[in-house]
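A.B. asks: Mind having a look at this structure? Questions to follow.
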Amino acid sequence: MEFGTIEREIYVAASPEIVFEVVSSPDHLKQWWPDDARYEATPGSSGEIVFGDCDAGGAVVPFTVVDARPPRTFSFRWTHPADKVAAKGNSLLVTFDLSPSGDGTLLKMTETGFREMGWEVAVLEQQYQEHVTGWDFFLPRLLPYVATLQVRP
Amino acid sequence: MSAAVTEKVDDDLWSAIGDPTRRRMLDLLLIDGGGTATSLGQQLPVTRQAVAKHLGVLDRAGLVRAMPTGREKRYLVDEAQLARAVAQLSSVGSAWDARLQRIKRIAEAIQRTQQDNND
């Protein structure tokens, strides 16, 4: 086990184009992670993701898109100081690699930067891990939304 | 312990375990049930002095404890502290497990919706 890097792989029974949209677009991101997301899904775009309610102890975390090559790769840096450009050593780098597999997609995720940034940021990650209680909360929000969804060809 | 002190301890713990040589040393200490700078140096491609330095880092992070026996200090792994370090990282991993499950469900729901529309 490499301490300082997290690697995961999951098979998704959906096309790479759909999976790419889900991992990259701000509207989708907030369905599976933060409560709000503001950025453009293009390389170099800087924005922020929001956990909880800003007026009630929530947190706004910088988010910068590093690479976006549909439908194969999407990567971003987060947790860098708001007044600094995201770079190695001041942020966590999350990379999604997608490859076609049968009728679906093999989705590989890596998150690196814990070692360079020291421990506090892993504590930060831990604090953000479960802002939603689970799928029972999620599904009612998702279904009306899927019906209106357009995936870019 | 104040929050600042706790943070410093966690930072030391993280740096200590982040180094591959030190992780190998922890492995050897666990396998052998302890060891000295000399015994570890014989099993690793680094000098005894480097081993002693790494042991110092592990000691400060609370990951090993030194027992003064004979001419040379003998080191044992503090398994409670090691378990704590591993648990902290694996909680970040399980957060990603949950996120990826949600990504999977969302993408598969979209796929099904599109197929239904095409039928």
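A.B. asks: Filter segment A:22-33 for residues that are within 10 Å of chain B (Cβ to nearest Cβ) and either out of contact with any Leu (no Cβ under 8 Å at 6 or more places or on another chain) or among the small types (Gly, Ala, Ser) (or both) and give the result. Give the steps one after another, and end with the answer.
C.D. replies: Keep residues of segment A:22-33 that are within 10 Å of chain B (Cβ to nearest Cβ), which gives A:22-23, A:28-29, A:31-33.
Once the filter is applied, which keeps residues that are within 10 Å of chain B (Cβ to nearest Cβ) and either out of contact with any Leu (no Cβ under 8 Å at 6 or more places or on another chain) or among the small types (Gly, Ala, Ser) (or both), segment A:22-33 yields A:22, A:28, A:29, A:32, A:33.
A.B. asks: Across segment A:92-108, what is the number of residues that are closer than 21 Å to residue A:48 by Cβ and either touching a residue at least 40 places away in the same chain (Cβ under 8 Å) or out of contact with any Gly (no Cβ under 6 Å at 6 or more places or on another chain) (or both)?
C.D. replies: Of all residues in segment A:92-108, those closer than 21 Å to residue A:48 by Cβ come to A:92-96.
When the remaining residues are screened for being either touching a residue at least 40 places away in the same chain (Cβ under 8 Å) or out of contact with any Gly (no Cβ under 6 Å at 6 or more places or on another chain) (or both), the result is A:94-96.
Of the residues in that region, 3 qualify.
A.B. asks: Mind listing whichever residues of segment A:57-79 are in contact (Cβ under 8 Å) with a residue 24 or more places away in the chain and in a loop (DSSP other than H, G, I, E, B)?
C.D. replies: Selection gives A:70, A:71, A:72, A:79.
A.B. asks: Specify which of the listed residues (A:41, A:82, A:86) is in contact with a strand residue (DSSP E or B) (Cβ under 7 Å, 6 or more places away or on another chain), closer than 30 Å to residue A:102 by Cβ and assigned to a loop (DSSP other than H, G, I, E, B).
C.D. replies: Details: A:82 fails: closer than 30 Å to residue A:102 by Cβ; A:86 fails: closer than 30 Å to residue A:102 by Cβ.
Being in contact with a strand residue (DSSP E or B) (Cβ under 7 Å, 6 or more places away or on another chain), closer than 30 Å to residue A:102 by Cβ and assigned to a loop (DSSP other than H, G, I, E, B) holds for just one of A:41, A:82, A:86, which is A:41.
A.B. asks: May I pose another question? Taking residue A:66 as the residue in question, decide whether it is buried (at least 19 other Cβ atoms within 10 Å of the Cβ), at pLDDT 95 or above and of a type in the set (Val, Ile, Thr).
C.D. replies: Working: buried (at least 19 other Cβ atoms within 10 Å of the Cβ): no; at pLDDT 95 or above: yes; of a type in the set (Val, Ile, Thr): yes.
No; evaluated as a whole, the condition is false for this residue.
A.B. asks: Here's another thing I want to ask about it. Can you tell me which residues in segment B:32-75 are under 14 Å from residue B:21 (Cα atoms), crowded, with 17+ Cβ neighbours inside 10 Å and either of a type in the set (Gly, Ala, Ser) or touching a Pro at 6+ places or on another chain (Cβ under 7 Å) (or both)?
C.D. replies: B:37, B:41, listed by residue number.
The values are calculated or read from the model by the stated rules, or taken from the named source; none is laboratory data. Keep in mind that what you see is a predicted model, and the values were worked out from it rather than measured. Neighbour counts run over all protein chains shown; Cβ positions are idealised from the backbone, glycine included.
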